[in-house]
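Visitor: Please see the structure below; I have some questions.
The values are calculated or read from the model by the stated rules, or taken from the named source; none is laboratory data. Just so it is clear, the model here is predicted, and its values are computed rather than measured. A quick note on method: Cβ atoms are made from the backbone with ideal geometry, for glycine too, and the neighbour counts reach across all protein chains shown. We work out accessible area using only protein heavy atoms, side chains counted, and drop any ligands, DNA or RNA first. Shrake-Rupley method; radii C 1.70, N 1.55, O 1.52, S 1.80 Å.
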Amino acid sequence: MEKKADKKIGTESYKGVRDFYPQDMFVQNYIFGVMRKAVESFGYGEYGASILEPADLYRAKTGDEIVNEQTYSFKDRGDREVTLRPEMTPTVARMVAAKKREFSFPLRWYSIPNLFRYEQPQKGRLREHWQLNADIFGVESIEAEIEMISIAHAIMKAFGLKDSDYEIRVNDRKIMNYILEDFLSLSPSESHNVSKIIDKKDKMSREDFAEKISSVVSEKSDNLLTLLHSKNLEEFINLLPEKARAHKGVLEIKELMKKLAGFGIKNVVFSPTLMRGFDYYTGIVFEIFDTNPENRRAIFGGGRYDDLLSIFGAEKIPAVGFGMGDVTTRDVLQTYDLLPKYKPATELYLCVLDEKYRNYANKLAQSLREDGLNVAIDFSGKKVGDQIKYADKNLIPFVICVGENEAKNEEFKVKNLKSGEEKVLNIKEIAQFLLGNSVSK
Ligand code: HAM
């Protein structure tokens with residue numbers, strides 16, 4: 001048998017998760033920064049929680065596919081069943097239910113957690129992703145949905161995306177429940193099965209979809225398929241029986257689209273096949289879809305979930321929220337060439353002309369750091385040309401070479417590596433010059 005010590009360990013990461021090298025981290029921080037700024041501008045405050053949750057938390061309402069096929073669950077040493085969170089909504093609902101007497105509502109909260117789902121890794125789908133979650137608790141009216149979709153729209157705009165680059169798909173669980181249970185008179189279990197088939201529509205051909213639907217709905221399947229294939233809200237409403245045209249869900253969707261258009265959000269489309277996989281949604285659901293054929297994935301998904309808090313024995317608290325994933329966001333930004341160019345945090349590199357000036361360079365660096373600059377020192381002992389090349393290759397914008405003259409006169413030639421310009425400054429002037437210069441630009 002191979003001895004333990006001889007076995008080489010591979011350098012690749014676990015399947016479906018990512019390592020973030022500094023360039024990747026830079027993009028990640030940029031994405032999170034834009035998300036944070038946008039949600040905070042709407043008055044949302046940040047919360048956090050552990051990655052570990054009791055497995056029971058997801059059994060009630062998260063939905064069979066995620067719970068049975070996609071969770072990472074294990075027993076801890078005390079025989080408790082633990083799950084790595086596959087989504088944040090049950091956690092935030094638990095947190096709100098736990099302290100609801102202490103809060104005054106509405107609550108506007110956000111978080112950017114990492115989530116784990118045992119998926120087949122593919123474009124836009126990984127086993128670990130980060131997800132901005134924004135949720136509002138305590139608002140029954142449609143203003144909550146309008147706010148959520150407005151935030152989603154504001155984030156897309158802040159990333160530089162145009163309305164024509166994506167569409168906001170909306171539907172209402174109330175309409176779907178009416179159609180499946182009242183209009184088509186399906187039993188609750190048939191209606192649940194049909195919802196799951198509709199949810200997977202984009203993953204199959206039109207023929208397969210029709211076949212699957214008719215296997216559950218039989219003679220009523222033509223009616224249902226015609227409704228599901230309707231091109232817009234008007235066409236859909238016209239296919240409904242007269243009395244259903246004023247159904248609460250229909251009126252809600254109409255009002256939502258009208259109000260959003262009034263706020264200048266016009267890329268909203270009614271999508272009767274938008275189901276959203278979670279069992280906790282109770283009303284309007286929405287997704288933001290990239291219209292580019294290269295990224296046929298939702299970037300955001302969310303909706304209203306008025307009953308979720310009652311699983312904790314708490315009285316109902318109306319809630320609306322969404323999740324926006326970092327993987328799909330990065331893909332979209334890449335497609336539209338909107339990713340930022342990498343810039344290291346280091347602003348200044350000190351080249352050391354001779355080992356005997358290392359101490360001096362260290363003290364200089366220390367003093368400049370106290371002035372607010374990010375400074376790295378070269379310890380290589382290589383030729384000055386090579387030291388400067390290192391700074392250039394690592395995209396550090398400025399260098400100072402430290403040698404006999406600098407140590408004696410306390411005057412420094414600050415070189416801008418991009419423009420080649422040099423400026424002689426004393427120690428007090430350096431930080432001010434760099435911070436006011438292209439370092440921050
Ligand atoms: P979700 O639709 O499962 O919703 O996820 C929201 C977004 O997260 C998706 O549109 C997608 O961008 C991203 N996402 C989901 N799974 C993966 C994955 N395996 N790899 C990469 N990205 C992924 C929820 O999770 C709801 N809890 C959102 C919510 C918050 N509803 C109300 N409040």
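Visitor: Enumerate the calculated ³J(HN,Hα) couplings along the stretch 190-195 in order (Karplus 6.51 cos²θ - 1.76 cosθ + 1.60, θ = phi - 60°), each rounded to whole Hz, writing x wherever the residue is Gly or Pro.
Guide: Along the stretch 190-195, the couplings run 5, 5, 5, 4, 5, 4 Hz.
Visitor: Find, among the chymotrypsin sites (Phe, Trp or Tyr not before Pro) in the stretch 20-76, those assigned to loop by DSSP (not H, G, I, E, B) with at most 16 other beta-carbon atoms within 10 angstrom.
Guide: Working: sites: Phe20, Phe26, Tyr30, Phe32, Phe42, Tyr44, Tyr47, Tyr58, Tyr72, Phe74; in loops: Phe20, Phe42, Tyr44, Tyr47.
Loop-located and lightly packed - Phe20, Phe42.
Visitor: Taking R0 as 45 Å, what FRET efficiency do you get between Ser218 and Arg77 from their Cβ-Cβ distance, rounded to the nearest 0.05? Each step should come with its number before you reach the end.
Guide: On the way: r = 51 Å, r/R0 = 1.14.
It comes to 0.30.
Visitor: In addition: When you take every Cα atom in the stretch 255-320, what is the radius of gyration, and what is Dmax, the widest Cα pair distance, in Å?
Guide: Every Cα atom of the stretch 255-320 included, Rg and Dmax give 14.5, 45 Å.
Visitor: Another question, if that's okay. Could you compute the FRET efficiency for Lys243 and Phe263, with r as their C-beta to C-beta distance and R0 at 41 Å, rounded to 0.05? Please list the in-between numbers first.
Guide: Values: r = 31 Å, r/R0 = 0.77.
Result of the calculation: an efficiency of 0.85.
Visitor: What residue among Gly283, Gly249, Gly262 has the largest mean-square fluctuation in a Gaussian network model of the chain, using Cα springs under 10 Å?
Guide: Gly262
Visitor: Rg/Rh for the chain: what does it come to with C-alpha atoms and Rh from Kirkwood? Kindly include the intermediate steps, with their values, before the conclusion.
Guide: On the way: Rg = 28.0 Å, Rh = 25.6 Å.
For the chain, the value is 1.09.
Visitor: Okay, next question. Using the reciprocal of the averaged 1/r over all distinct C-alpha pairs, how large is the Kirkwood radius of the stretch 287-363 in Å? It would help to have the intermediate numbers written out before the result.
Guide: Numbers: mean 1/r = 0.0564 Å⁻¹.
One over the average 1/r among Cα pairs gives 17.7 Å for the stretch 287-363.
Visitor: Based on the Cα atoms of the stretch 145-232, what semi-axes does the equivalent ellipsoid have, where each is the square root of 5 times one gyration tensor eigenvalue, given in whole Å with the largest first?
Guide: Details: eigenvalues 196, 49, 22 Å².
Working through the eigenvalues yields semi-axes of 31, 16, 11 Å.
Visitor: Ignoring ligands, DNA and RNA, what accessible area per residue does the stretch 367-437 give at 1.4 Å, in Å²? Don't skip to the answer; put the middle values down first.
Guide: Values: 4390 Å² over 71 residues.
Ligands and nucleic acids excluded, the result is 62 Å² per residue.
Visitor: Just how many % of Cα pairs in the stretch 297-441 lie over 28 Å apart, if you round to the nearest whole percent?
Guide: Numbers: 4538 of 10440 pairs.
In whole percent, the long-distance tail amounts to 43.
Visitor: Another question, if that's okay. So what is the relative contact order of the stretch 170-241, in percent, for Cα pairs below 8 Å that sit 6 or more residues apart? All intermediate terms of the calculation are to be shown ahead of the outcome.
Guide: Working: 29 pairs, mean separation 15.3, N = 72.
In percent, rounded to a whole number, it is 21.
Visitor: For the chain, set up a Gaussian network in which alpha carbons nearer than 10 Å are linked by springs, and say which option among Gly381, Gly45, Gly160 fluctuates the most.
Guide: In the Gaussian network model the winner is Gly381.
Visitor: Here's a follow-up. Just to be sure I understand: with springs between alpha-carbon atoms less than 10 Å apart, which residue in Glu167, Glu422, Glu119 has the highest mean-square fluctuation in the Gaussian network model of the chain?
Guide: Glu422
Visitor: Below 12 angstrom from the Cβ of Val139, what's the summed charge of the other residues (Lys, Arg +1; Asp, Glu -1)? Working shown, then result.
Guide: Numbers: positive: Arg108, Arg304; negative: Asp135, Glu140, Glu143, Glu145, Glu147, Asp306.
Spelling it out: positives minus negatives among the neighbours equals -4.
Visitor: Summarise the long-distance tail of P(r) for the stretch 186-314 by giving the % of C-alpha pairs beyond 22 Å.
Guide: Values: 3740 of 8256 pairs.
So the portion of pairs separated by more than 22 Å is 45 percent.
Visitor: Using θ = phi - 60° and the Karplus form 6.51 cos²θ - 1.76 cosθ + 1.60, what ³J(HN,Hα) does each residue of the stretch 261-276 get, whole Hz, x for Gly and Pro?
Guide: Residue by residue, the stretch 261-276 yields 4, x, 8, x, 9, 10, 8, 9, 10, 7, 10, x, 8, 7, 9, 6 Hz.
Visitor: Can you compute 3J(HN,Hα) from phi for each residue in the stretch 103-114, using the Karplus curve 6.51 cos²θ - 1.76 cosθ + 1.60 with θ = phi - 60°, rounded to whole Hz and x for Gly and Pro?
Guide: Listing the rounded values in order: 9, 10, 8, x, 9, 10, 10, 9, 7, 10, x, 8 Hz.
Visitor: Relative contact order (percent) for the chain, with alpha-carbon contacts under 8 angstrom and 6 or more residues of separation? Kindly include the intermediate steps, with their values, before the conclusion.
Guide: Values: 662 pairs, mean separation 66.2, N = 441.
Once normalised by length, the contact order is 15 percent.
Visitor: Using modelled amide H (1.01 Å from N, peptide plane; none on Pro or chain starts), what sits under 5 Å from the amide H of Ala319, excluding residues fewer than 5 places away?
Guide: Residues meeting the criterion, in which the H sits 1.01 Å from N, are Gly138, Tyr305, Asp306.
Visitor: Starting from the amide H of Tyr166, placed 1.01 Å from N in the peptide plane, find each other amide H under 5 Å away whose residue is 5 or more places distant or on another chain.
Guide: Amide H to amide H, under 5 Å and 5 or more residues apart or across chains, Tyr166 pairs with Thr291.
Visitor: Please give me the summed charge of the neighbours of Leu225: other residues whose Cβ is under 14 Å from its Cβ, Lys and Arg +1, Asp and Glu -1.
Guide: Details: positive: Lys201, Arg206, Lys212, Lys220, Lys231; negative: Glu207, Asp208, Glu211, Glu219, Asp222, Glu235.
Local charge sum for Leu225: -1.
Visitor: If you don't mind, there's one more thing I want to ask. Any chance you could tell me what percent of the C-alpha pair distances in the stretch 361-426 go past 18 Å?
Guide: Numbers: 780 of 2145 pairs.
Value for the stretch 361-426: 36 percent of Cα pairs lie more than 18 Å apart.
Visitor: Would you mind telling me the share, in percent, of accessible area of the chain contributed by carbon and sulfur at probe 1.4 angstrom? Working shown, then result.
Guide: Numbers: 11220 of 23030 Å².
C and S fraction of accessible area: 49 percent.
Visitor: List the extent of the Cα atoms of the stretch 346-390 along each of their three principal axes, largest first, rounded to whole Å.
Guide: 29, 21, 10
Visitor: Let me ask something else. Could you work out the mean projected area of the convex hull around the alpha carbons of the stretch 83-232, in square nanometres to one decimal? Mind showing how you got there, number by number?
Guide: Working: hull surface 49.3 nm².
The Cα convex hull of the stretch 83-232, projected and averaged over all directions, gives 12.3 nm².
Visitor: First select every other residue whose beta carbon is under 13 angstrom from the beta carbon of Phe20; then total the charges, Lys and Arg +1, Asp and Glu -1.
Guide: -2
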